[in-house]
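Have a look at the structure below before the remarks.
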Amino acid sequence: MCERLLKQSENKIQTAFDDLIFVGRGSSALWAILRGLNRLNAMILLPVNICEIIYPIIKKAGYEPVFYDVNCISGNAGLNNIKDAFTGKETVLIAVHNFGTPVEIDKIAQWSKENNIYLIEDVCNAIGATYREKPVGTFGDAAFFSFGYAKIVEYGVGGAVFVKDQELKEKVNNIISSLEVYSEYHKKRDEEYQLLLRTIRQREYGRGPSVYWPIYKQYADYLLYKLDLKTEREIRQLLVSLDSIIAERSKKALRYRNGITTNKVKHIDEVCGQIYWRYNLLAASEIRNKLICELRRNNILVSSWYPPINELFDNNIVENIYPGGREFGRNIINLFVDHRIGQTDISKTIEIINNF
């Protein structure tokens, strides 16, 4: 597991990376954990605003997703959100540290243990974050990571698995070893499906489960692969620079926090141990949508993820069943803080938002 405690030596961090099993992407990593568990038809709890690619991966692994709501301010779930969705039948739980913000993972881990639930931490957007000075990803039974586009450590491809139980770890490793090596073929198919999905999202119609589910069911077939040794070595080298990557992101986030002063948007309070995948703001939906259009018109990178995904995959929509996720999805603005954004971009973004 990747450890990043306060003032921890680089040697200890690198030793921690040795415990990771590398794989083609974060979704491949989750699939390998679930297949290793071998609880076919088991029910698995997950936040309603998780990255949408996770749903078809869970289904492909033979599990049945059960959504729980999230906080409308942070976009992350607390233990009460999970308890509200728990029926007693679920045996696996995915806890997501989204946006680089740690959830109350110690309480979630204790509750999972008491209820005999296998806890998997999603650290795809939070590698390097800590909770009570302990790295996220070390509280549960397993964790998965991503090094894809715009992740904290970005390689463009790649993911990793951490599993505590040695017997299961061997099973997961064997499953990953049996996968095809990532190639131009996988890259091309990924680009094709991403283009198709982007086209659908831009429509004002035809974006429901009847459209999304068949596409993702096919797409999932091309998301399971492993890395060659050269790629794995290069990702490990990038991980050595994790502290400096996080520090640079934090500096950019601080400029947004200090520079954006308009009352038309709301800053989300920083949490101890947090790192920055994006810098998150909230705005009333009618303002949010217009502001995002204005930023994009000025060539500023901005996103509005993550929305509730039950509306993409579930035909039996119940109005307001996930009020926190729905409100957060309508109001969230994500400003980039990675290498694509320079100081001039930040100044321009601050000016546009303050004058909006």
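The values are calculated or read from the model by the stated rules, or taken from the named source; none is laboratory data. Please read these numbers as outputs of a predicted model, since none were measured by experiment. We place every Cβ from the backbone using ideal geometry, glycine too, and count neighbours over all the protein chains shown.
Structural remarks
- Glu180 vs. criteria in contact with a Phe, Trp or Tyr (Cβ under 6 Å, 6 or more places away or on another chain) and within 18 Å of Gly26 (Cβ to Cβ): yes
- Failed item, numbered, when Leu6 is tested on (1) of a type in the set (A, V, I, L, M); (2) surrounded by fewer than 17 Cβ atoms within 10 Å (Cβ to Cβ); (3) at pLDDT 50 or above: (3)
- Whichever residue in the stretch 59-117 is charged (D, E, K, R) and over 24 Å from Gly329 (Cβ atoms) and, among such residues, is surrounded by the most Cβ atoms within 10 Å (Cβ to Cβ): Lys60
- Positions within the stretch 246-270 being buried (at least 17 other Cβ atoms within 10 Å of the Cβ) and β-branched (Val, Ile, Thr), in sequence order: Ile246, Ile260, Val265, Ile268
- Long-range neighbours under 7 Å by Cβ, at least six apart or interchain, first residue within 12 Å of Ala143 (Cβ to Cβ) within the stretch 16-44, second of a type in the set (S, T, N, Q) and assigned to a helix (DSSP H, G or I): Ile21/Asn173
- Any hit, the stretch 222-234, residues being among the aromatic types (Phe, Trp, Tyr), farther than 20 Å from Asp18 by Cα and either more than 20 Å from the chain's Cα centre (by Cα) or exposed (fewer than 12 other Cβ atoms within 10 Å of the Cβ) (or both): no
- For the stretch 271-286, a tally of residues being surrounded by fewer than 16 Cβ atoms within 10 Å (Cβ to Cβ), over 21 Å from Cys51 (Cα atoms) and in contact with a Lys or Arg (Cβ under 9 Å, 6 or more places away or on another chain) returns 2.
- Inclusion of Val240 among residues that are at pLDDT below 95 and closer than 26 Å to Asp19 by Cβ is warranted.
- Scan of the stretch 129-151 for residues that are surrounded by fewer than 24 Cβ atoms within 10 Å (Cβ to Cβ) and either small (Gly, Ala, Ser) or closer than 23 Å to Leu229 by Cα (or both), ordered by number: Gly148, Tyr149, Ala150, Lys151
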